[in-house]
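Here it is, the structure, as structure tokens.
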Amino acid sequence: MCSHYTALKKQEQMEKYFQARGIPLPAKSDMWPRRLGPFIRRPPEHDAGDEAVPEREAIVGRWGMIAPSTPPEKLAKAEKVATFNAKSETAHTLWTFRMAWAKGQHCIIPAEAIFEPDWRSGAAVATRFTRTDGAPLGIAGLWDRYRDAAGQWQESYTMLTINADHDPLFQNYHQAGKEKRMVVILPEGAYQDWLTAPAADTRDFLVPYPADRLVAEPMAKPES
């Protein structure tokens, strides 16, 4: 799983690595659950027959999915639930994620780095994961829309995770005795296929990223 990452800081990076344009990126790139961050999707109007609609768009949404059918009186409660990660094995059955899964509302979360805790010393040591080639990470996710307290539509997204008990790299992180999880990092060549894939093909993309293409760097200070 992932509860902390660094988002891209510049729109030029979004265009260079992800071929996506959109509204200006948030000023803060240090991302924690419930903050607003950028994600990439296929525009909802992609099948409208309008040639002006791009193949991809970068937009800003809440990191932490809120189901579109959440009633106003339950919104405050829903905002407190940890929905920033979604288990790929169960997302299709859970109320928060199942509509996005069923509709194939795939997205890519662009990140300079993700962070995971290393407990092997007995204390949590924040560890920064990046690609060995210096390119940003493209993390597979789901997106949806919900109405805020004022009745306005807002965007939200979540990162998809898979089991990492036997992954050469991520099996070493998180607390002993608990299931090890990792986010799904997509190779660049799969970006477009992921964004356009129907729901029936979702699981085809949910595989581990090669461990030898990632660098794990312990941080001097623990996560706060």
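Which count do you get for residues in the range 152-173 that are in contact (Cβ under 8 Å) with a residue 60 or more places away in the chain and open to solvent by 30 Å² or more (accessible area, probe 1.4 Å)?
As a first pass, look at the range 152-173 and keep what is in contact (Cβ under 8 Å) with a residue 60 or more places away in the chain: 154-163.
From what's left, open to solvent by 30 Å² or more (accessible area, probe 1.4 Å): 154-155, 163.
The qualifying residues number 3.
Follow-up question, since we're still on this one. Considering the range 80-95 alone, what residues qualify as being open to solvent by 70 Å² or more (accessible area, probe 1.4 Å) and of a type outside the set (Lys, Arg)? Let's see the steps before the verdict.
If we filter the range 80-95 for residues that are open to solvent by 70 Å² or more (accessible area, probe 1.4 Å), which is where we start, we get 80-81, 87, 89, 92-95.
If the condition is that a residue be open to solvent by 70 Å² or more (accessible area, probe 1.4 Å) and of a type outside the set (Lys, Arg), then VAL81, GLU89, HIS92, THR93, LEU94, TRP95 are the ones that fit.
While we're looking at this one, here's another question. Taking ALA102 as meeting all but one of (1) within 22 Å of GLU45 (Cβ to Cβ); (2) surrounded by fewer than 18 Cβ atoms within 10 Å (Cβ to Cβ); (3) hydrophobic (A, V, I, L, M, F, W, C); (4) touching a Lys or Arg at 6+ places or on another chain (Cβ under 9 Å), write down the number of the exception.
Unmet for ALA102, out of (1) within 22 Å of GLU45 (Cβ to Cβ); (2) surrounded by fewer than 18 Cβ atoms within 10 Å (Cβ to Cβ); (3) hydrophobic (A, V, I, L, M, F, W, C); (4) touching a Lys or Arg at 6+ places or on another chain (Cβ under 9 Å): (4).
Sticking with this one: Taking the condition closer than 17 Å to TYR146 by Cα and in a loop (DSSP other than H, G, I, E, B), does ALA27 pass? I'd like the intermediate steps shown before the answer.
Values: closer than 17 Å to TYR146 by Cα: no; in a loop (DSSP other than H, G, I, E, B): yes.
So ALA27 fails the test.
Can ALA140 be described as under 24 Å from THR83 (Cβ atoms), of a type in the set (A, V, I, L, M, F, W, C) and in a strand (DSSP E or B)? Explain how you work it out, then say what you get.
Working: under 24 Å from THR83 (Cβ atoms): yes; of a type in the set (A, V, I, L, M, F, W, C): yes; in a strand (DSSP E or B): yes.
The answer is yes for ALA140.
Any residue at all in the range 186-198 that's in a loop (DSSP other than H, G, I, E, B), small (Gly, Ala, Ser) and under 17 Å from the mean Cα position of the chain (by Cα)? Walk me through how you get there before you give the answer.
The first filter runs over the range 186-198 and keeps only residues in a loop (DSSP other than H, G, I, E, B), leaving 187, 197-198.
Among the residues that remain, those that are also small (Gly, Ala, Ser) are: 197.
Applying the additional criterion that residues be under 17 Å from the mean Cα position of the chain (by Cα) yields 197.
Checked against the condition, which is being in a loop (DSSP other than H, G, I, E, B), small (Gly, Ala, Ser) and under 17 Å from the mean Cα position of the chain (by Cα), the range 186-198 yields at least one hit.
Test TRP143 against the criterion of being more than 19 Å from ALA20 (Cβ to Cβ) and not β-branched (Val, Ile, Thr), and give yes or no.
For TRP143, the condition - more than 19 Å from ALA20 (Cβ to Cβ) and not β-branched (Val, Ile, Thr) - is not met.
Looking at the range 142-170 only, could you name the residues that are closer than 21 Å to THR96 by Cβ, touching a strand residue (DSSP E or B) at 6+ places or on another chain (Cβ under 7 Å) and among the hydrophobic types (A, V, I, L, M, F, W, C)?
Of everything in the range 142-170, those that are closer than 21 Å to THR96 by Cβ, touching a strand residue (DSSP E or B) at 6+ places or on another chain (Cβ under 7 Å) and among the hydrophobic types (A, V, I, L, M, F, W, C) turn out to be LEU142, TRP143, TRP153, MET159, LEU160, ILE162.
Can you say whether MET219 is over 19 Å from the mean Cα position of the chain (by Cα) and hydrophobic (A, V, I, L, M, F, W, C), as far as the supplied structure shows? Step through it out loud before you land on a result.
Details: over 19 Å from the mean Cα position of the chain (by Cα): yes; hydrophobic (A, V, I, L, M, F, W, C): yes.
Yes; evaluated as a whole, the condition is true for this residue.
Right, something else. Where residues in the range 29-46 are over 13 Å from CYS107 (Cβ atoms) and touching a residue at least 12 places away in the same chain (Cβ under 8 Å), which of them is least open to solvent (accessible area, probe 1.4 Å)?
Among those residues, the one meeting the criterion is MET31.
Go over the candidates GLU73, GLU57 one by one and state the one that is out of contact with any Phe, Trp or Tyr (no Cβ under 9 Å at 6 or more places or on another chain) and either under 30 Å from PRO117 (Cβ atoms) or surrounded by fewer than 16 Cβ atoms within 10 Å (Cβ to Cβ) (or both).
Details: GLU57 fails: either under 30 Å from PRO117 (Cβ atoms) or surrounded by fewer than 16 Cβ atoms within 10 Å (Cβ to Cβ) (or both).
Answer to the check: GLU73.
Is the range 123-132 home to any residue that is open to solvent by 10 Å² or more (accessible area, probe 1.4 Å) and under 24 Å from PRO43 (Cα atoms)?
No: zero hits.
Considering every residue within the range 208-222, establish whether at least one is over 19 Å from HIS92 (Cβ atoms), assigned to a helix (DSSP H, G or I) and open to solvent by less than 70 Å² (accessible area, probe 1.4 Å). Before the answer, list the steps.
From the range 208-222, those over 19 Å from HIS92 (Cβ atoms) are 208-222; that's our starting set.
Now restrict to residues that are assigned to a helix (DSSP H, G or I): 211-213.
Now narrow it down to the ones that are open to solvent by less than 70 Å² (accessible area, probe 1.4 Å): 211.
Checked against the condition, which is being over 19 Å from HIS92 (Cβ atoms), assigned to a helix (DSSP H, G or I) and open to solvent by less than 70 Å² (accessible area, probe 1.4 Å), the range 208-222 yields at least one hit.
The values are calculated or read from the model by the stated rules, or taken from the named source; none is laboratory data. Predicted, not measured: the structure shown is a model, and the values here were computed from it. Please note: Cβ atoms are built from the backbone with ideal geometry, for glycine as well, and neighbour counts cover all protein chains shown. Note: accessible area is taken over every heavy atom of the protein model, side chains too, but ligands, DNA and RNA are not part of it. Shrake-Rupley method; radii C 1.70, N 1.55, O 1.52, S 1.80 Å.
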